[in-house]
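Presented below is the structure to which this report refers.
Readers should treat all values here as calculations from the given coordinates under stated rules, not as data from a laboratory. Treat the numbers as computed from the prediction; the structure is a model and nothing was measured. We place every Cβ from the backbone using ideal geometry, glycine too, and count neighbours over all the protein chains shown.
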Amino acid sequence: MCDRGQLPNIITYSSILDALCKNHQVDKALALFKEFKEKGIQPDVYTYTIIIDGLCKDGRLKDAQKVFEELLVKGYNLDACTYNVMIHGFCKSGLFDEALTLLSKLKDNGCTLNAQTYEIIILSLFENDENDKAEKLLREMIARGLM
């Protein structure tokens, strides 16, 4: 691309980051992320979500959580997709209380809940025999009309 005068933009970099993360090359993705930030290309929420997801799936939940918290501190307007990725990371690690806390933050930050948000937590709770908590969330989901 560069040889032909086509400079990569955030969409190009995000696509490459996504491919690297999906191919379990998170360290390469992080190096590329750092590289394009140093070149002055600003990542968007979608790009950060790719990084958070890659870190979670690589078992680096603390690193993912750090990136997520930095976004909140910097005032990024996070969408349900970004929250869902972090909630899913917590659930896969068995950290249901953290997932539920993040669900509350999602509501408090004015982000619109969707069925996928509930589904992630409910399925994980059922898989881990936390049936009472799962049923409570299922009722809440129904009451919000998100079936």
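May I ask for the angle, rounded to the nearest 10°, between helix 131-143 and the longest principal axis of the chain, with both axes built from Cα atoms and the value confined to 0 to 90°?
On a 0 to 90 degree scale, this one is about 80.
Compute the long axis of helix 10-22 from its Cα atoms, compare it with the longest principal axis of the Cα atoms of the chain, and write down the angle in degrees, 0 to 90, nearest 10.
60
Divide by every residue of the chain the summed helix terms, -39500 (n - 2.57) for each DSSP H run of at least 4, and state the resulting mean residue ellipticity at 222 nm, rounded to the nearest 500 deg cm²/dmol. Display every interim value, and only then the final one.
Values: 8 runs with 104 residues, N = 147.
After summing the helix terms and dividing by residue count, I get -22500 deg cm²/dmol.
Taking the Cα atoms only, what angle lies between the long axis of helix 80-92 and the longest principal axis of the chain, rounded to 10 degrees?
The two axes meet at around 70 degrees.
Relative to the present Cα-Cα distance, how much length would full extension add between S104 and K39 at 0.36 nm per residue of separation?
So the chain would gain 19.7 nm between S104 and K39.
With only Lys, Arg, Asp and Glu charged, each at its Cβ (+1 for the first two, -1 for the last two), find how big the charge dipole of region 11-147 is about the Cα centre; round to the nearest 20 debye.
300
Would you work out which of N23, L146, C91 lies farthest towards the positive end of the dipole of the chain? Charges go on Cβ: Lys and Arg +1, Asp and Glu -1.
Of the candidates, N23 comes out farthest on the positive side.
Please give the contour-minus-distance gain from N128 to K22: 0.36 nm per residue of separation, less the Cα-Cα distance, rounded to one decimal in nm.
Details: separation 106, 0.36 × 106 = 38.16 nm, distance 2.59 nm.
Length gained between N128 and K22: 35.6 nm.
Between S15 and S93, what is the label-to-label distance in nm when each label sits 7 Å out along the Cα-to-Cβ direction?
3.2
Under a plain spin-label model, where a point goes 7 Å from the Cα along Cα-to-Cβ, how far apart in nm are R144 and Q116?
1.4
If you place +1 on the Cβ of every Lys and Arg, -1 on the Cβ of every Asp and Glu, and leave all else neutral, what size is the dipole of region 67-109 about its Cα centre, to the nearest 20 Debye? Present the calculation step by step, with values, prior to reporting the outcome.
Values: 4 positive and 6 negative charges, 16 e Å.
Taking the Cα centre of region 67-109 as origin, the dipole is about 80 debye.
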